[in-house]
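The values are calculated or read from the model by the stated rules, or taken from the named source; none is laboratory data. Just so it is clear, the structure is predicted and the values come from calculations on it, not from any experiment. Reconstructed Cβ throughout: ideal geometry from the backbone, glycine too, with neighbour counts over all protein chains shown. Note: accessible area is taken over every heavy atom of the protein model, side chains too, but ligands, DNA and RNA are not part of it. Shrake-Rupley method; radii C 1.70, N 1.55, O 1.52, S 1.80 Å.
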Amino acid sequence: MSDFKEHMLINRLRSIANIVIVGSGKGGVGKSTLTSIIALRLRELGKDVGVLDMDLHGSSIPFILGRSEGKVEVVKGGFKPIEVHGIKVMSLRLFVGDKPAPLRGDRKSEVIKYLLSLTIWGDLNYLLIDLPPGMSDELLTLTKYVKGKHILITIPTRTSMDVLVKYVKLLDNLRCIIPAIVINNLLNIKVNYELISNYMNEIASIINRRPAYVVMPFIDDVEELLAKGLLPDGVIDPIDSIIKYI
Amino acid sequence: MHEYSIAEGLVLTIKALKDKEGLTKVVEALIYVGSLAQVDREVLLETLRILGPEYGLEGVNYVIKEEESIFQCNYCGYVWPWSEVRMNVIKELCGDIEDCDNPIHLIPDLVNVFVKCPKCSSQDFKILTGYDVKLISIKGERDERL
Ligand SMILES: Nc1ncnc2c1ncn2[C@@H]1O[C@H](COP(=O)(O)OP(=O)(O)OP(=O)(O)O)[C@@H](O)[C@H]1O
Ligand SMILES: [Mg+2]
Ligand SMILES: [Zn+2]
């Protein structure tokens with residue numbers, strides 16, 4: 001028995017120059033916000049950008065970018081993403097709306113394969129993939145088929161950095177590339193640079209290389225701004241230094 | 001419309017298998033279709049015949065093996081076939097339009113989003129048989145002189 005999606009998936013991703021996967025292992029640290037900000041910035045720089053929302057349970061990209069409605073359009077050859085602020089967006093939300101999706105492991109992997117193989121992105125400079133929290137089905141299925149660059153995000157606390165280290169170990173075992181890490185100060189606390197530096201040393205010793213890291217500041221009204229497709233002032237510099245690595 | 005994508009995926013898969021096995025010609029392709037995928041058999045066959053030659057697959061006899069999708073509830077153990085709930089589910093998803101591009105047709109795994117166990121209304125059930133569309137096998141010819 002052969003899965004008809006697998007060869008399609010490989011073909012489909014050929015038209016994409018760069019694939020960037022945003023993850024953290026931990027929930028609520030700003031993955032979807034960061035994905036949206038990078039997408040908006042790349043678009044502002046004139047790039048063709050797509051975002052694949054891989055959070056099957058907490059699908060939030062369309063919402064963050066200010067578009068909670070929208071249904072998938074089925075065309076010859078696959079699913080057409082919706083376009084929001086010039087960015088192509090594909091999400092399970094376009095299929096199930098606001099219904100919960102109680103999917104177990106295998107079902108989730110298959111849904112991901114469907115989205116990867118049937119979404120018609122066309123030629124893209126960048127495809128950004130927003131991962132859900134956790135280190136299971138979504139991440140494992142994705143890394144099996146997609147070799148992208150992994151941008152990691154965490155908040156500057158011990159508990160969150162600790163999960164990040166586990167996540168790095170897993171990615172390293174899966175032979176994934178981690179060019180940069182974003183320290184998101186979403187709690188608006190005084191950033192402890194010594195703590196960050198210690199964790200960065202630990203990460204460097206795991207992957208035998210030192211990923212770049214940047215601090216993303218706390219942003220007032222981030223949700224309102226992104227919903228309008230506007231980039232918050234304080235993020236341009238940190239985001240541009242991330243973009244250099246993808 | 002969605003049958004076109006499935007046909008494209010199948011043709012790509014058949015072509016890859018043909019190359020891998022070093023076949024000069026594919027004579028027959030056996031395809032598995034679970035009822036949940038709501039595939040229009042005639043449309044799928046026709047699209048396969050149209051797309052095949054674009055991938056060097058001429059004169060293939062496509063054989064479709066259909067199987068009813070059967071579910072089992074993870075909560076109460078009840079077993080039921082897709083046909084038991086199909087009418088109501090399609091009506092809910094498509095209204096009066098027949099054959100609409102409903103989410104289960106597009107991604108059969110989404111059955112857990114839209115179907116509940118008829119006995120205990122749990123959405124946590126497994127698919128015992130009749131899952132997805134797959135290529136079962138191909139038969140072909142080899143150039144024996146090689
Ligand atoms: N730098 C920041 N400044 C202020 N608020 C932020 C910042 N980054 C993220 N947030 C807010 O924090 C919340 C969580 O962010 P987000 O949804 O992006 O996290 P996530 O990691 O994607 O979560 P999940 O694990 O649930 O997918 C959101 O309300 C978001 O607006
Ligand atoms: Mg998120
Ligand atoms: Zn039940």
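Summed over all non-identical Cα pairs, the Kirkwood treatment of region B:70-129 gives a radius of 11.8 Å. With respect to chain A, whose longest principal axis is taken over its alpha-carbon atoms, helix A:31-44 is tilted by about 80°. Accessible surface of chain B, 1.4 Å probe: 49 percent of it comes from carbon and sulfur atoms.
Using the Cβ-Cβ distance between A:Leu195 and B:Tyr75 with R0 set to 51 Å, the FRET efficiency works out to roughly 0.65. Peptide A:76-83 has a mean shielding of 3, counted as Cβ atoms of other protein chains within 10 Å of each residue's Cβ. Comparing B:Leu10, A:Ala204, B:Ile31 along the charge dipole axis of the protein assembly as shown, the residue lying farthest to the positive side is A:Ala204, per the Cβ-charge model. Association of chains B and A removes close to 2800 square angstrom of accessible area from solvent, both sides included, for a probe radius of 1.4 Å. Each DSSP beta bridge with both residues in the protein assembly as shown is either parallel or antiparallel, and the antiparallel ones are about 40%. Here's how it looks for B:Lys25: its modeled amide H is under 5 Å from those of B:Glu141, which are all 5 or more places away or on a different chain. Dipole magnitude for region A:42-110: computed about the Cα centre from +1 point charges on Lys and Arg Cβ and -1 point charges on Asp and Glu Cβ, it is near 140 debye.
Averaged over the residues of A:91-102, the number of partner chain Cβ atoms lying within 10 Å of the residue Cβ comes to 3. Computed per residue of chain B from DSSP H runs no shorter than four, each worth -39500 (n - 2.57), the mean residue ellipticity at 222 nm is -10500 deg cm²/dmol. Considering only alpha-carbon pairs that sit under 8 angstrom and 6 or more positions apart, the relative contact order computed for chain B is 38 percent.
Where in region B:29-88 are there trypsin sites (Lys or Arg not before Pro) that are in a DSSP coil and have at most 16 other Cβ atoms within 10 angstrom of their Cβ? Counting only loop positions with at most 16 other Cβ atoms within 10 Å, none of the trypsin sites (Lys or Arg not before Pro) in region B:29-88 qualifies. Rounded to the nearest 10 square angstrom, A:Asp233 shows an accessible area of 140 square angstrom against a 1.4 Å probe. With Rh defined as the Kirkwood radius, the inverse of the mean 1/r over Cα pairs, the Rg/Rh of region A:132-246 is 0.97. As a fraction of the 1.4 Å probe accessible area of chain A, surface on carbon and sulfur atoms comes out at 48 percent.
Per-residue 3J(HN,Hα) values for region A:220-228, derived from phi via the Karplus relation 6.51 cos²θ - 1.76 cosθ + 1.60 with θ = phi - 60°, read 5, 6, 4, 5, 5, 4, 5, 4, 8 Hz in sequence order (x marks Gly and Pro). Rolling a 1.4 Å probe over the protein heavy atoms gives the protein assembly as shown an accessible area of 45 Å² per residue. Partner shielding of A:113-120 amounts to 3, given as the average count of beta-carbon atoms from other chains within 10 Å of each residue beta-carbon. Close amide H pairs (under 5 Å, H built 1.01 Å from N) link A:Glu73 with A:Lys80, residues at least 5 positions away or on another chain.
Peptide packing: for B:51-60, A:13-22, B:103-112, the average count of neighbouring Cβ atoms within 10 Å per residue gives the ranking B:103-112, A:13-22, B:51-60, highest mean first. Across all Cα pairs in the protein assembly as shown, the calculated P(r) in 20 Å bins from zero up to the longest distance comes to 26, 51, 22, 1 percent per bin. Rounded to the nearest 20, the size of the Cβ-charge dipole of the protein assembly as shown about its Cα centre is 1140 debye, with Lys and Arg at +1 and Asp and Glu at -1.
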